[in-house]
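I have placed the structure first, in the form of structure tokens, so that the comments after it can refer back to it.
The values are calculated or read from the model by the stated rules, or taken from the named source; none is laboratory data. Being a predicted model, the structure only gives us computed values, none of them experimental. Because the Cβ atoms are built from the backbone with ideal geometry, glycine has one as well, and the counts that use them run over all protein chains shown.
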Amino acid sequence: MPGTYEIARTVREASETLGSEFAVFPLHGELMPKDQDAAVARYDRRKIVVATNVAETSLTIDGVRLVIDSGLARIPRYDPYRGINTLLIEKISRAAADQRAGRAGRTAPGYCLRLWTAHEHHARAAHEIPEVKRLDLTEVVLTLKASGVSDVSKFYWLESPDPHAVQRAETLLTDLGAVDPKSAAITTTGRRMLQFPLHPRYARMLLAAQEHGCVRAVASIAALTQGRDLLRRDKQQVDAREELIGAETESDFFVLMRMWEEAERCGYNLDRCRRLGVNGQAARQVQSVFEQFLRVAGEEGLDVRDQPLVREAVQRCLLVGFSDHLARRLNGSPRCELVHNRRGSLARDSVVDAALFVASEIREVESARGRERNLNVVLNLATAVKQEWLRELFPADFREVQTMSFDPALKRVVTRTEIRFRDLVLEEKLSQDIPSDQAAKILAGEVVAGRLSLDNWTDAVEQWILRVNRLHEWMPDLELPLITDGDRASIIEHICHGTARYSEIKNRAVLPVVKSWLSQQQQKWVDEYAPERVQLPNGRMVKVAYTADAPPLIAARIQDLYGIKEGLWIAQRRVLVRIQVLAPSNRPVQVTDNLSLFWRETYPKLKTQLQRRYPKHEWR
């Protein structure tokens with residue numbers, strides 16, 4: 001199975017369905033040692049072990065005759081475009097499937113049942129994607145820099161990584177002070193970071209801890225992040241922890257440190273650890289890693305003496321290591337904005353309630369609600385920070401940006417002054433003091449984009465523009481201007497001039513402004529040669545419909561057309577008007593631009609049909 005959730009469900013279902021004939025056990029890395037031993041022990045009855053791919057290569061379970069393979073696994077990946085780790089369920093490769101099948105038949109003949117088709121099997125990848133293509137490269141790149149490879153992009157890789165992964169690794173190393181931003185060469189700080197057997201973030205934090213006098217505390221934090229999760233998530237255990245740690249709101253790491261200290265104090269007693277929701281085996285492993293880090297730190301000249309915990313000093317060190325994971329909560333909710341234009345949500349079990357914090361883990365996780373599966377970016381292991389610390393540690397990364405834009409809530413143009421750390425907005429102030437020219441341009445842009453409308457920009461306005469543009473085409477000798485999209489924007493800007501409020505332009509007059517684009521004489525030519533209406537022989541005025549790519553069109557009843565022998569012309573008889581012929585009921589019966597042909601061939605038949613229906617109308 002791909003993970004502990006699926007294992008727990010399968011164990012429960014199998015136990016309830018199969019009864020006492022079978023012994024059903026889970027097997028994964030989060031289990032207590034005795035539970036892992038129970039899974040691999042021999043029994044008098046048939047045994048079912050439901051495992052993650054921990055059983056794929058790392059151990060042999062005696063007596064296995066049958067492997068049932070889901071063909072799925074949770075595969076860790078690093079997304080260099082967003083700078084987050086993902087742990088999603090994916091289909092395993094053919095090579096991994098062969099490894100799983102090999103669990104059966106080691107001590108006797110066996111079988112493997114794969115829960116996918118043979119056709120799908122051949123379509124799967126032959127091997128897993130190499131780690132260099134799917135995991136964080138920061139430590140690798142730092143090692144290459146130390147080896148004298150300044151331009152990592154030109155390094156000859158056995159398996160070339162994603163260029164974005166290399167670029168993001170170099171950016172992080174620059175932020176950490178391990179790489180010179182100008183020469184791209186490793187710095188003295190970077191070389192010192194390499195002496196610590198852990199990720200460059202935590203190595204940099206240890207060096208910062210030397211300055212703040214909290215090396216032991218930061219070493220414990222680094223050790224707590226190297227292995228499996230220290231804490232379990234059962235609600236009763238969470239309540240027990242709260243009684244022990246009190247109202248912690250500054251850092252999830254302070255909770256981890258306190259719980260680890262309690263596990264150490266009780267000698268990693270399994271019952272006591274279980275009551276607190278602490279993974280006793282993981283806590284014991286933290287101790288050995290912590291001692292290793294302290295030994296290396298001491299060898300590197302850091303002060304590893306036991307000193308009182310200065311919480312603010314530890315928080316500053318975490319900020320040094322995770323400045324690229326800075327997040328700001330949105331309106332007090334768990335939703336957050338992060339640097340590098342990312343969004344996510346603070347984990348539900350985080351104790352941090354500050355508006356500004358850094359997260360040491362950013363993961364994209366899959367959640368299920370009923371049959372729906374969603375992907376969520378979750379921020380874990382958060383620590384509150386202060387803006388003044390950012391200014392102190394990263395003064396060059398602050399800037400003030402002033403923009404003018406339309407605010408949909410206020411329905412007006414505003415000036416927005418933003419204080420940004422890199423690309424994350426930390427503060428913003430709104431001002432309504434806007435120069436009228438700029439306000440008009442912004443309002444016009446909203447209208448052109450279709451987000452705002454002018455009530456008086458009607459079909460009559462569109463028809464006027466079409467009349468001008470078609471007459472420009474039909475009678476070039478008049479030298480009329482062509483009203484382009486750019487001209488439209490200028491006209492709308494003129495309409496918007498003098499205010500920053502949408503309410504003041506919504507009902508403003510439009511057609512007079514559009515007409516003023518032409519001189520008085522040019523307007524007269526438009527009315528004369530591309531008229532809005534034409535007069536028929538019986539005195540009736542009918543509207544002319546103009547389009548950009550077809551002849552002008554009128555609609556008139558047959559009786560209104562009596563007296564027109566051939567057709568109607570505009571633009572000094574250069575353009576023939578198409579006519580939509582209507583029955584007395586105004587129902588279209590014919591479209592023509594040649595009335596003489598209509599009268600001669602079509603009309604006699606129509607007259608016979610229509611005269612019976614409408615005997616009171618005139619028929620010639």
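Remarks
- Taken over segment 263-291, the criterion of being free of Cβ contacts under 8 Å to residues at least 24 places away in the same chain, hydrophobic (A, V, I, L, M, F, W, C) and touching a Lys or Arg at 6+ places or on another chain (Cβ under 7 Å) is satisfied by CYS266 alone.
- Any pair with Cβ under 7 angstrom, 6 or more apart, that starts in segment 595-620 at a residue that is closer than 14 Å to ILE564 by Cβ and ends at one that is assigned to a helix (DSSP H, G or I): LEU595/LEU561
- Test: residue in segment 548-556 that is at pLDDT below 95 and under 43 Å from the mean Cα position of the chain (by Cα): yes
- Extreme residue, nearest to the chain's Cα centre (by Cα), among residues of segment 2-39 that are of a type in the set (Phe, Trp, Tyr) and not in a helix (DSSP H, G or I): PHE25
- Flag if GLU170 is over 18 Å from VAL320 (Cα atoms), not aromatic (Phe, Trp, Tyr) and not assigned by TED's automatic domain parsing to the domain that holds ILE221: no
- For segment 53-66, the criterion of being modelled with pLDDT of 85 or more, outside any loop (DSSP other than H, G, I, E, B), in the same structural domain as GLU90 (by TED's automatic domain parsing) and surrounded by 14 or more Cβ atoms within 10 Å (Cβ to Cβ) is met by no residue.
- Out of LEU206, LEU256, sole residue that is within 14 Å of ALA282 (Cα to Cα) and modelled with pLDDT of 90 or more: LEU256
- Of residues in segment 171-201 being of a type in the set (D, E, K, R) and surrounded by fewer than 22 Cβ atoms within 10 Å (Cβ to Cβ), the one farthest from VAL141 (Cα to Cα): LYS182
- The set of residues from segment 479-489 being loosely packed, with under 15 Cβ neighbours inside 10 Å and either of a type in the set (Gly, Ala, Ser) or within 17 Å of LYS524 (Cα to Cα) (or both) comprises GLU479, PRO481, LEU482, GLY486.
- Looking across segment 225-253, the residues that are modelled with pLDDT of 90 or more and buried (at least 21 other Cβ atoms within 10 Å of the Cβ) come down to SER251, ASP252, PHE253.
- Whichever residue in segment 415-459 is among the aliphatic types (A, V, I, L, M) and in contact (Cβ under 8 Å) with a residue 60 or more places away in the chain and, among such residues, is surrounded by the most Cβ atoms within 10 Å (Cβ to Cβ): LEU443
- Residues in segment 384-412 that are of a type in the set (Phe, Trp, Tyr) and over 25 Å from the mean Cα position of the chain (by Cα) were compared, and the one that is nearest to SER350 (Cα to Cα) is TRP389.
- Qualifying residue in segment 533-541 (condition: under 55 Å from the mean Cα position of the chain (by Cα) and either in a loop (DSSP other than H, G, I, E, B) or surrounded by 13 or more Cβ atoms within 10 Å (Cβ to Cβ) (or both)): no
- Of all residues making up segment 99-145, the number that are of a type in the set (Val, Ile, Thr), in a loop (DSSP other than H, G, I, E, B) and farther than 25 Å from PRO2 by Cβ: 1
- Count - residues of segment 255-290 that are of a type in the set (S, T, N, Q), touching a Gly at 6+ places or on another chain (Cβ under 8 Å) and in a helix (DSSP H, G or I): 1
- Against the list (1) modelled with pLDDT under 90; (2) closer than 15 Å to LEU424 by Cα; (3) of a type outside the set (Val, Ile, Thr); (4) surrounded by fewer than 19 Cβ atoms within 10 Å (Cβ to Cβ), the condition ASN376 fails is (2).
- Taken over segment 155-212, the criterion of being acidic (Asp, Glu) and in contact with a Ser or Thr (Cβ under 8 Å, 6 or more places away or on another chain) is satisfied by ASP175, ASP180.
- Options GLN609, GLN521: the member that is more than 30 Å from ASP485 (Cα to Cα) and either part of a helix (DSSP H, G or I) or small (Gly, Ala, Ser) (or both): GLN609
- Residue in segment 355-363 that is at pLDDT below 90 and among the hydrophobic types (A, V, I, L, M, F, W, C) present: yes
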